[in-house]
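Colleague: Mind having a look at this structure? Questions to follow.
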Amino acid sequence: MSTGLISLAAGVLIGLMYAVLKVRSPAPPALALIGLLGMLAGEQATRHLLSRDGATPPQVTVPQAKSQTGASS
């Protein structure tokens, strides 16, 4: 399943829950959509700039914890 379809399904599910609970959206719908559009534009612009410069996204490494074997008393 694509990320877009998962996002759409999650949004519809939350919308249904809001309707069942008779809760109003915390933000006006137009304002919420403008915020989402800004997030999408920022993500796409960042990806475009990173790929244009030939830079690869930073890699995050997590050090492995040393396992302690044996019992100490």
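Laboratory data are not the source of any read-out in this text; all were calculated from the coordinates shown. All values reported here derive from a predicted model rather than from experimental measurement. Don't worry about glycine lacking a Cβ; one is built from the backbone with ideal geometry, like all the others, and counts go over all protein chains shown.
Colleague: May I ask you to list pairs of residues, at least six apart or on different chains, whose Cβ atoms are under 8 Å apart, with the first in the stretch 16-43 being within 20 Å of T3 (Cα to Cα) and the second being part of a loop (DSSP other than H, G, I, E, B) and not aliphatic (A, V, I, L, M)?
Modeller: A32/S25
Colleague: Out of all the residues in the stretch 3-51, which are β-branched (V, I, T) and part of a helix (DSSP H, G or I)? Explain how you work it out, then say what you get.
Modeller: We begin by selecting, within the stretch 3-51, every residue β-branched (V, I, T); these are 3, 6, 12, 14, 20, 23, 34, 46.
If the condition is that a residue be β-branched (V, I, T) and part of a helix (DSSP H, G or I), then T3, I6, V12, I14, V20, I34, T46 are the ones that fit.
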